[in-house]
Amino acid sequence: MASVSATCLRFGCSLNQSFKTSQISGGNAGLKLVSVGWARTAGFPSLRTSRFRVSCAKPETVEKVISIVRKQLALPADTKVNAESTFNTDLGADSLDTVEIVMALEEEFGIAVEEENSETIVTVQDAADLIEKLVEKKAA
């Protein structure tokens, strides 16, 4: 029987308290809890999640996106880029860089990314998930 244990879980009781991401491990698998915070609006606390992700992109799609991002941003080989890397914060991309990355992804995968969809791309995983969705829609 597998066991699950939480290594860190924090609760708070202030007006704007956020919980830290917690690692839960069971056997060889690791899970991440969703970051959660409390915000007080109009006298009632409301539960809000700052990030909840369900990945649908294939690992090879993520790797291809990472390769394109590395090329477009001319990143040194020792720069760490993974699915959770953010274009602005982690990789230093500005808005023009992001547009060029989206154009390169469109060309590589034979898709067209609408402007409202491109605005939702924050991480490499976001880009890979959107590509998978658009490629699937194109094939249908």
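Selection of region 101-110 for residues being assigned to a helix (DSSP H, G or I) and either on the phi > 0 side of the Ramachandran plot or surrounded by 13 or more Cβ atoms within 10 Å (Cβ to Cβ) (or both) yields 101, 102, 103, 104, 105, 106, 108, 109.
Rundown of residues vs (1) part of a helix (DSSP H, G or I); (2) among the β-branched types (Val, Ile, Thr), yes/no style:
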{"residue": "72", "(1), (2)": "yes, no"}
{"residue": "80", "(1), (2)": "no, no"}
{"residue": "83", "(1), (2)": "no, no"}
{"residue": "88", "(1), (2)": "no, no"}
{"residue": "91", "(1), (2)": "no, no"}
{"residue": "113", "(1), (2)": "no, yes"}
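Can you pull out every residue in region 122-140 that is outside any helix (DSSP H, G or I) and either out of contact with any Asp or Glu (no Cβ under 9 Å at 6 or more places or on another chain) or open to solvent by 70 Å² or more (accessible area, probe 1.4 Å) (or both)? Once the filter is applied, which keeps residues that are outside any helix (DSSP H, G or I) and either out of contact with any Asp or Glu (no Cβ under 9 Å at 6 or more places or on another chain) or open to solvent by 70 Å² or more (accessible area, probe 1.4 Å) (or both), region 122-140 yields 122, 140. If a residue has to be out of contact with any Leu (no Cβ under 9 Å at 6 or more places or on another chain) and within 21 Å of residue 59 (Cα to Cα) to count, how many in region 73-102 make the cut? Residues flagged as out of contact with any Leu (no Cβ under 9 Å at 6 or more places or on another chain) and within 21 Å of residue 59 (Cα to Cα) within region 73-102 amount to 9.
The values are calculated or read from the model by the stated rules, or taken from the named source; none is laboratory data. From a predicted model like this one, the values you see are computed outputs, not experimental measurements. As a convention, Cβ positions derive from the backbone with ideal geometry for all residues, glycine included, and neighbour counts pool all protein chains shown. All accessible areas refer to the heavy atoms of the entire protein, side chains included, with ligands and DNA or RNA removed. Shrake-Rupley method; radii C 1.70, N 1.55, O 1.52, S 1.80 Å.
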